[in-house]
Structure formats: structure tokens, C-alpha cells
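Here's the structure we're looking at; comments come further down.
The values are calculated or read from the model by the stated rules, or taken from the named source; none is laboratory data. Computed from a prediction, not measured in an experiment: that's the story for all the values here. Note: ideal-geometry Cβ built from the backbone for every residue, glycine included; neighbour counts use all protein chains shown. In case anyone asks, the SASA skips ligands and DNA or RNA and just uses the protein heavy atoms, side chains included. Shrake-Rupley method; radii C 1.70, N 1.55, O 1.52, S 1.80 Å.
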Amino acid sequence: MTEEILTTPLEQQEYTINMGPQHPSTHGVLRYVVSLKGEIVHKVEPHLGYIHRGIEKMCEKLTYPQIIHLTDRLDYLTAHINNHAVCLAVEGALQVEVPERVVYIRTIMDELNRIASHQLWWCAYGMDLGGLTCFFYGLRDREKILDIFEESCGSRLLHSYYTPGGLMKDINPNFQKRTKEFIKYFRKKLPEYDQLLTGNVIFQERTKGVGPLTKEEAISYGVTGPNGRASGFSCDVRKHHPYAAYDKVDFKEAFYTEGDTFHRYKARIDEMWESMKIIEQLVDNIPEGDYSAKMKAVIKLPEGEYFQRVEAAKGDFGIFIISDGNKTPYRVKFRSPNFCNLSCIDLLSKNFKIADLVAISGSLDLVIPDIDR
Amino acid sequence: MAFSIYDLTSFNQWVDKGLNSVMSPLWATITEMAIIGVVFLLFYAVVGLFLVYAERKICGFIQCRVGPNRVGPYGIFQTIADFIKLLMKELVPINKADKFLFNLAPFIIIIASMMALAAIPFAKGIHAIDFNIGIFYILAVSSMGVIGILLAGWSSNNKYSLIGAMRSGAQIVSYELSVGLSILTACIMFGSLQLSTIVESQADCWLIFRGHLPAFIAFLIYMIAATAETNRGPFDLAEAESELTAGFHTEYSGIKFAFFFLAEYMNMFLVASIAATIFWGGWMPLHIGHWTGFNMVMDFIPPAVWYLGKTAVIIWLMMWFKWTFPRLRIDQLLTLEWKYLLPINLLNILVMALVVLMGWHF
Amino acid sequence: MSNQELKEKIQALLPTAEFAEGGKWLTVVIPKEKIHSLCKSLKETPELAFDFLLCESGVDYPDKMAVFYHLESTLHRHMLVIKAIIPTRENPEIHTVSDLYQTANYHEREIWDFFGINFKNHPDMRRIFLDEISDNIGHPFRKDYQDEVNIIER
């Protein structure tokens, strides 16, 4: 070993550092083993499994309404959207007609959840780049959404608000009023985000041209969501395979072709504007009616394979259920967007600096429990 | 002049004579040094505690929150509580660390910042040592701190610390140039390196107003470079906590960490007071041309208040951009210095020399 | 392209393929040997152009194992499910598709980790989640997996 160090020229020597599992910029228990030449990243190897709980295996022992509570724990920032995937899969398999009111409420909740998730990403991203003030600006506004959730769902993070066939409970009478208030408030606050971070010269220098991903690579690596769309990969499930009320609303897919860190950032900021537009179109038109369809006490899916895709905040979230006709599934697989998004980290950060690795991994918006499942 | 009402020179001479009359000159000098040492230590502690509190309040203000508000009225005792906590914390021993250098590093940093304090004129007469090469002394002594940082990073036996220390070395060596050259620009105007002379020569008009554009440019460059010198955001690459956890002081705990912490704030105080002394006239009151009445009123504000006020404003500026800017990358940091600040600085010196030569200043 | 058209196209590519009906998307059932060649021609035929591997999941049946591939064409927006059957449960093996779809790299490592299905020609066939625990913990997603401590039977 010593001889090797002595004989290799200094500029060819590599050393490895462990980024994580306890590191401020991996946002959880993710571990990168980074090979460095000086400050330049040569190879990044993610080591996973620190928060692997075997949720898919656990699902094989649980009934479908119980599975919903576990999906909260996947990507905990978009619990509503994960629940939505299970509900849609079960409803699709049983061919249950869901009341229109439920469809509208679910769509609004999903979009609120998407905004909340992007807000938290924005705070954390600002902090990754050293702008600590961003964290408080983002959390200040996210608090308003969580209050809306708390009022209707009784919980702020892990809602489990949707059930197969409908909702746990009807929305709070204040829901529409407060949602409209929030949209009005956030339309004023979102430009502040741009003033604080987007327009900053240092921020643009740090992010423009860093970690580029081409469209072909995005498709091949299965990078979806805002990350994929920043590279020009049109992958919005809400557009291409519409579910819930997305075929009734008018919205644009946030779309860029550059694919670098800055445009992944821009795509998410744009998505917040679009989500607000969707909510505004729906919130006044929630039809009256039941908050849940009539379901059997024990839900048994007919034998077969069911796959349901929804657009989570991080990308294309899918649930694959194989049923053998029992009240518990035979096999459940979650297609988690973060798992696929992570796979391109080595490609993106090669030959960039260690500070860029932080910027790139932050811009992918990774949520570790969703990767490890 | 009117500000002589606050002149403490006679008081100092009286103390000096008194001491000399009761003991031999050697012992009198030693006693004086001890008194000054104790006063400076106290000052150091008080300023450190106050700055930590101020930073928390300012950062709270910028981040839409209130900051510390539980310990004492408006949370003013928060830093004292924190200090007691740090004193009582365990000093975690590091495996395979170079024990001697590991323990030495915090002392080097704190001694470097204390030594520089000696040459700063706080008010007329409150000046520990009035060198004729005061500025040169401050620059030399304050750049010793980087040795402490390098030692801390090297001896911690931690790759994060080492990267942080190397970054800090590259950064401080580069920005030292800009600090030196921008101060040199100012010194062309004064024709002296003695700090008391520099302050006196700004009696009618502060340098930043007197020296036209070149003085203003020199001030801007000094502010950028000094922030980088103190390892503060947006130039806090040495301790970039999102990349290197805590950089060079990752492995330090308890009172040793407190030393680094205190030294950071002291360095900030130092560079701010140098900026105040050289560019904003030190303890000199604000005088505007022939407005005799206005000048008289200004003279009644004690020089120490002027001095501390100016320093506080500059510190506030530094805190402001720490809490609003994202961090630079190491190559951008060095590009900024070598490709922009240094050429501008060199050009600025020429312009300043021309201004002084042709007598275009006020 | 509708499911019927897809069916005809794929029948032309692989006459031995079986089709399972009933789902939203067409499901092709093929033996494990055909997977790489089928994926390659699916990806390279212009009117099919299945270039996006959405999901790859392993399943443990009582008498066999299977790998499900959910493919999408980002050009034509049609979807296809491939079910590759591995007849044995002892040392199952299948050809990798990670040279066609980069995302399969991680998915196949996950399947190896959970089900013990070995992917031939995979560039980096290691456990992905459970590598830090122990080498001998087996493959926990198999139906016959026993763990007295952590799995509570009800």
C-alpha cells in the first residue's frame, strides 16, 4: 500500500470519503462512497439499505386498507399521492365508481402536497448551497399547507386520508376558504423565492451547467418527475395517463431541455405555479355528494396483476399488485421514483467538484425512505 | 480641538507616573502590561459573547424569526448559558490524532487574534501599543491564524477536516493579497503605517469620502477579502457544513471548539475595526466641511462610541451577507480573487497614486 | 398503438409468445431465454420503440419464479408488460437487460437481493439493500423465507 502511494504520481492518486450515512447534505441515511482526486469527484457509489424496512414484504401480510398506512412511510413528503396510487389500483381492480366529490378533493390534496414537497425541497436545496435563510422562508409557507391538512385529515405529515373508494372523512367546512387564502398568500410569496435564491449570481454560477443529463440518458436511467422534465423527457403521468381530475384541468408540463442543476431547480419552481393553477380551477367547483363509495367490509381483489402509476412530486410513482384472490396481496412492488433518480448520480457528478456533488444530489430531491422502502 | 475633552492620554500618563514613583521602571512596565492584558482578556470575552448574541438576533431577523428569547430579557444571557454548556462538555479524545498539534491549534488561532487586538486604537489614548508599522503588524499577526486552521485540519485525522484546512489555506493565502493591497491603497493617501497618524489625518474628512473613487473601490475590495479571510459566509468553504460537516473543526468539542468559535467572532471584530480605522476614520467623529455647529455636536459624542459604532455597522454588513448569500465553490472563489480582485486592485493602486500625486483629493 | 395492434406486432417478432388478456395493458408471457432478444427488438423497432423501462419486479410463485418488465414508449405512449418465466426456484438465472436500459441495473440488483435471481452479464451483481447486514441472510422476499426473530406469523 505504502509503495503504491509512493510510486503513483500525486495527480493520479485517489482517496475515498464516506458521505453519510450521517451527513447534512444527504437528507437522511444515504451513504455515498466518493472517490476523489483532490476536490474532483471521480466516482460516486451509493450504499443503500440503512432505512430498509421491508415494506413490500410487510404488505403481503396486510389487507389493502392497511397497506395505505404503509405507503405514507415511503415518500413521507407526498403521503397523499402515495395513498392515491393504492386507492386507484384497488378501485381499478374492483371497478368501483368513485364519487365526483372525492375525485376533486383528492386532486386538490395531491397538488397541495406537491407544493409542500417542493417547498421543503427548496428550503433544503438553499441550505445545501449554503444559503441558510432559504430554509426558514420555505418552512414558513409550508406550515400553511400543513395547517390545511391538519384541519381536514387530522394529521400533518402521514395523512392516510384516502381509503379505497373514497376518503376517511369529509373535508373540513373551512377547507375551501383556507385553500383559497393560501393560494392568494403563496402567489405573493413565491416571487420572494426567486428574489432570494434564483436571481442570485452565486447561485446561478453554482448551478448552471452543473450535472447535465441528456434526454436519452434520462429515459435510459428512468429519471422521471421534474428531474426528467428538465432534461426534455416528457414524463408527466398527469398528462399522458390522466387519472383523478387531471383531464378536466388546464395546466402546462414544466419543461426544459438543458437538463442541468439550474433547470431541475426551475422545473420545480414552475411546477409550484402550475399546481396553484390546478387548485384554483378545482377548489370552487367541488361537487356535493358522498365522500366515499360503498365498499365491502373485506376488500378482495380478483386474481391478476394490477399496475397503477401516479405522478408524485419526485416523479413517476407506481404500485404493482399481484393478487391471488385473497384479502391480502400475493406480491406488492412499489416503483419508487427516487430509486431510479438516484441511479444516475454517478453519471451526473463525475468530474465535478465535491461541492457540486452536494448541489447535484440536492437537485435530484432524494427522499431516502422512498429509495430503501 | 473639541474632542480633546475625551482625551485619555493625560490619564494614561498619570497612571504611568504613579506606578513609576512607587516601584522600579521594570516592575512598572510589567504591572502596566498585566493590567492591559487583563483588560484585553475581559474585552475579548465580552465582545465575543456580544457578537454571538448579535449574530443570532440578526440572523433571526433576516430569517423571519425572533432569535434567542428565553434566557433573560430578550435572551441576552443565551450566549452565557451556551458558554457554560460548552465548558462542561466532554473533550472527546481522537484516535490516532496528533495529540500535541491537535491541542495546540485552537491556541494558535486565539493567540493570533488577540495579538492583533493590541495595535488597534479604540479612542484617543486607548491604544495598547502605537507601532510606527501598526498596519504591517496587524496584517502579519492576523494571518498567523491560518496556521492554526491548517494544524487543526491536519492533526484531526479526518479527511473532511483535511479538505477544509486545505481549502482554507488556499483561500487565505489568496485573499491575504487583496487585503494587503487594498490597505496599501489607503496607505498611499496617508503616507504612514502608524495607526494613530492614520486616524489623526482623517480628522477633517474620512478616507472613504476623501479619496474619491479609488478609496471606495479599495473599501469594497477590503470588505470582500476580509470576509473571505475570516472564513465567513459566503466564503465559509473551510467549514462548509453541507459539504464537509464542519470542516477543520469537525473533531473538536467542548472548550476547544469554543476557542475556534470565539476566534471566528474576534477575527470578524478585528477586520471590521481595521476597516473602520482605515476607511471610516476610526474614532474620529464625522465632520462635514465648514458646518462648525454640526461638527461641534459630533465632537461631543465620545470617540469610543464612534469607533464601536462604526465597527458595529461593518459587522452588521458582514452578517447581512453571510445570511443571504449561498456559498461559493472553491474554483469560483479563487477565480474571483486572481482574475478579478487582484487586477482591479493593482489598477486601483495606480489610480490612487495618481490622485495623491496630482492632489485631486479633498 | 392499441393492444390488439401491439399483439400482432409482437407475434411477428416472437411467434412463441403467449398473451394474457384482461389487464389495462397487454401482457406478454415468454420463457426466460427470450427476454434479451425481445427487449432489444422492442426497443429498436421504430413503430414500437419501447425505450423506457418503468419498472422491473421479481415474483416468487410456488413452483417457479418470474420477472415482470413494465415498458413504455416515450414516443408512441403505449405500454407493455413482459412476464419472463423462470421455471426453477433453485439458483434461478435470467439474462440482464441493463445494457439496454440503465435503470435495470439497480432494479436487477434489488431483485437479486430479495429473490436471489441471478442476472447473467450484469455489470455489478451485488446486493443493494442488505449488503451491510450479513452475507448469509438469504433472500427474504421468497415465500419460504424463515426468520424466527423478525417475521411474526399470525
task = Find the residue count for the stretch A:212-258, including only residues that are touching a helix residue (DSSP H, G or I) at 6+ places or on another chain (Cβ under 8 Å), within 14 Å of chain C (Cβ to nearest Cβ) and in a loop (DSSP other than H, G, I, E, B).
result = 13
remark   = Checking B:Ala304, B:Ala275 in turn, the sole residue that is among the small types (Gly, Ala, Ser) and closer than 18 Å to B:Phe40 by Cα turns out to be B:Ala304
task = Look through B:Val92, B:Val15 and report the one residue that is away from every other protein chain (no Cβ under 14 Å), at pLDDT below 85 and outside any helix (DSSP H, G or I).
result = B:Val92
query = What are the pairs, 6+ residues apart or on separate chains, where a residue within the stretch C:44-58 that is more than 11 Å from chain A (Cβ to nearest Cβ) has its Cβ under 6 Å from a residue that is surrounded by 23 or more Cβ atoms within 10 Å (Cβ to Cβ)?
reply = C:Leu48/C:Leu42
task = Could you tell me which residue of the stretch B:215-233 is nearest to B:Ala54 (Cα to Cα), considering only residues that are crowded, with 23+ Cβ neighbours inside 10 Å and more than 16 Å from the chain's Cα centre (by Cα)?
result = B:Ala218
task = Test each condition in (1) of a type in the set (D, E, K, R); (2) under 17 Å from A:Lys333 (Cβ atoms); (3) in contact with a Leu (Cβ under 9 Å, 6 or more places away or on another chain) for C:Lys9 and report the one that comes out false.
result = (2)
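Yes or no, residue by residue, for (1) open to solvent by 30 Å² or more (accessible area, probe 1.4 Å); (2) over 21 Å from the mean Cα position of the chain (by Cα); (3) over 18 Å from A:Phe262 (Cβ atoms):
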| position | (1), (2), (3) |
| --- | --- |
| A:Leu120 | yes, no, yes |
| A:Cys134 | no, no, no |
| A:Ser152 | no, yes, yes |
| A:Leu157 | yes, no, yes |
| A:Ser160 | no, no, yes |
key: Output for the stretch A:316-338, where each listed residue is of a type outside the set (Gly, Ala, Ser), within 9 Å of chain C (Cβ to nearest Cβ) and surrounded by fewer than 24 Cβ atoms within 10 Å (Cβ to Cβ)   = A:Ile322, A:Tyr330, A:Arg331
task = Residue by residue through the stretch B:306-321, note down the ones that are open to solvent by less than 30 Å² (accessible area, probe 1.4 Å) and either more than 14 Å from chain A (Cβ to nearest Cβ) or closer than 20 Å to A:Ala355 by Cα (or both).
result = B:Tyr307, B:Lys310, B:Thr311, B:Ile314, B:Ile315, B:Met318
Exclusive hit being open to solvent by 40 Å² or more (accessible area, probe 1.4 Å) and not aliphatic (A, V, I, L, M), set B:Pro343, B:Pro326, B:Pro303 = B:Pro343
A:Asp141, sole failed condition from (1) outside any helix (DSSP H, G or I); (2) open to solvent by less than 20 Å² (accessible area, probe 1.4 Å); (3) not aromatic (Phe, Trp, Tyr) = (1)
note = Considering residues that are among the aromatic types (Phe, Trp, Tyr) and within 23 Å of the chain's Cα centre (by Cα), the number found within the stretch B:285-312 is 2
Where a residue in the stretch B:63-76 is within 14 Å of another protein chain (Cβ to nearest Cβ) and its partner, wherever it lies, is in a loop (DSSP other than H, G, I, E, B) and not basic (Lys, Arg), with Cβ under 8 Å and at least six apart = B:Gln63/A:Leu132
inquiry  = I'm trying to understand the selection: among the residues of the stretch B:346-360, which are of a type in the set (A, V, I, L, M) and open to solvent by 50 Å² or more (accessible area, probe 1.4 Å)?
reply    = B:Leu346, B:Leu347, B:Leu350, B:Val351, B:Leu354, B:Leu357, B:Met358
note = Within the stretch B:89-111, the residues that are within 21 Å of B:Val52 (Cα to Cα) and touching a residue at least 60 places away in the same chain (Cβ under 8 Å) are B:Lys89, B:Pro106, B:Phe107, B:Ile109, B:Ile110
ask   = Which residue out of B:Gly289, B:Gly282 is at pLDDT below 85, closer than 24 Å to B:Ala140 by Cα and not in a helix (DSSP H, G or I)?
value = B:Gly282
key: Residue list for the stretch A:339-349, filter: open to solvent by less than 10 Å² (accessible area, probe 1.4 Å), within 9 Å of chain C (Cβ to nearest Cβ) and over 16 Å from the mean Cα position of the chain (by Cα)   = A:Cys344
query = Do we find that C:Ile82 is farther than 21 Å from A:Ser336 by Cα and either open to solvent by less than 30 Å² (accessible area, probe 1.4 Å) or not small (Gly, Ala, Ser) (or both) in this structure?
reply = no
task = Please indicate, with yes or no, whether at least one residue in the stretch A:199-211 is more than 14 Å from every other protein chain (Cβ to nearest Cβ) and either in contact (Cβ under 8 Å) with a residue 24 or more places away in the chain or open to solvent by 30 Å² or more (accessible area, probe 1.4 Å) (or both).
result = no
query = Residues that are open to solvent by less than 50 Å² (accessible area, probe 1.4 Å) and away from chain C (no Cβ under 14 Å): which strands (runs of 3 or more DSSP E) entirely in the stretch A:1-116 hold 3 or more of them?
reply = A:31-37
ask   = Just checking, which of C:Gly116, C:Gly138 is among the small types (Gly, Ala, Ser), without any contact (Cβ under 8 Å) to a residue 24 or more places away in the chain and more than 10 Å from chain A (Cβ to nearest Cβ)?
value = C:Gly138
inquiry  = I'd like to know if the stretch C:60-74 contains one or more residues that are without any contact (Cβ under 8 Å) to a residue 12 or more places away in the chain, surrounded by fewer than 23 Cβ atoms within 10 Å (Cβ to Cβ), within 12 Å of another protein chain (Cβ to nearest Cβ) and touching a Lys or Arg at 6+ places or on another chain (Cβ under 9 Å).
reply    = yes
